[in-house]
Amino acid sequence: MRLILGLALSLFAALLPTAVWAGAQQYEPLAASVQAALHAAIADRASPEPHFSSIENKVSWLTEMSSRLSRRMPDREARLEFLKTVHYEAKRAGLDPQMVLGLIQVESGFKKYSVSSAGARGYMQVMPFWVRLIGNKDSNLFHLRTNLRFGCTILRHYLDIENGDLYRALGRYNGSLGKPEYPNMVRGAWERQWAWAPRAIEGR
């Protein structure tokens, strides 16, 4: 029954790409060392130019993802900036950029100024308490890079807590730990809407 439910939810996510399932990370007191590490992780402001294994794969990824995203984000320049930042921040946090795109689809439907009923903000629906915990007074959760950096850093934090268990980490991220709906919807969006494989380079 759980498998059937999971497949149904994945299909639902694929058929309704603009539907959102925004939740809210739960406040948990952080050890001082963890708080300091997370603050350091979001504070680095290196250039968001993404790194790929080859220029061919970079062009291929940006072209393909831009095409898939064009209906939701019509402005080409804004779309490319968004995709470059997603890729950079996801890789920086040790996450799959395709999975992060699936999460954004489910969380906000790619709406920059989305606000959930719980107050979560932006593309990755980050709760404002994170600004108090690990940010500073200038942290604007509607700013593209700030939102993606916070979101990816927080998900990485939850993955570390859960020893790499993405299902449970996604549950924590959405504030629905132990429930299958949200992790299954993210996986469904990831696999059906955003799956991508790098091209093999001839001569290698």
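The values are calculated or read from the model by the stated rules, or taken from the named source; none is laboratory data. Worth saying up front: this structure is predicted, and the values here are computed from it rather than measured. Positions of Cβ are backbone-derived with ideal geometry, glycine not excepted, and every protein chain shown enters the neighbour counts.
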Condition check for residue 46: modelled with pLDDT under 95 and either surrounded by fewer than 16 Cβ atoms within 10 Å (Cβ to Cβ) or aromatic (Phe, Trp, Tyr) (or both):
yes
Within region 8-43, the residues that are at pLDDT 60 or above and of a type in the set (Val, Ile, Thr) are 20, 34, 42
Checked pairs for region 86-98, first at positive phi, second surrounded by fewer than 20 Cβ atoms within 10 Å (Cβ to Cβ) and part of a helix (DSSP H, G or I), C-beta under 7 Å and 6 or more apart or across chains, list as 94/156
The condition of being in contact with a helix residue (DSSP H, G or I) (Cβ under 8 Å, 6 or more places away or on another chain), modelled with pLDDT of 95 or more, assigned to a helix (DSSP H, G or I) and surrounded by fewer than 19 Cβ atoms within 10 Å (Cβ to Cβ) holds, among 80, 5, only for 80
- prompt: Any residue in region 189-204 that is crowded, with 22+ Cβ neighbours inside 10 Å and closer than 17 Å to residue 34 by Cβ?
  reply: no
In region 84-136, anything more than 20 Å from residue 64 (Cβ to Cβ) and among the charged types (D, E, K, R) is listed as 92, 107, 111, 112, 121, 132
Within region 49-67, residues being under 19 Å from residue 195 (Cβ atoms), touching a helix residue (DSSP H, G or I) at 6+ places or on another chain (Cβ under 7 Å) and surrounded by fewer than 18 Cβ atoms within 10 Å (Cβ to Cβ) number 3
Looking across region 115-145 at residues that are farther than 21 Å from residue 101 by Cα and charged (D, E, K, R), the single one that is modelled with the lowest pLDDT is 137
Going through region 123-134 in order, the residues found to be touching a Ser or Thr at 6+ places or on another chain (Cβ under 6 Å) and buried (at least 24 other Cβ atoms within 10 Å of the Cβ) are 123, 125
Here the qualifying pairs (Cβ atoms under 6 Å; residues six or more apart or on different chains; first in region 135-153 and surrounded by fewer than 18 Cβ atoms within 10 Å (Cβ to Cβ); second assigned to a loop (DSSP other than H, G, I, E, B)) come out as 142/113; 142/122
Checked region 84-121 for anything buried (at least 21 other Cβ atoms within 10 Å of the Cβ) and among the charged types (D, E, K, R); matches are 89, 107, 121
| Scanning for something more than 16 Å from the chain's Cα centre (by Cα), acidic (Asp, Glu) and at pLDDT 95 or above, does region 83-100 turn up at least one residue? | no
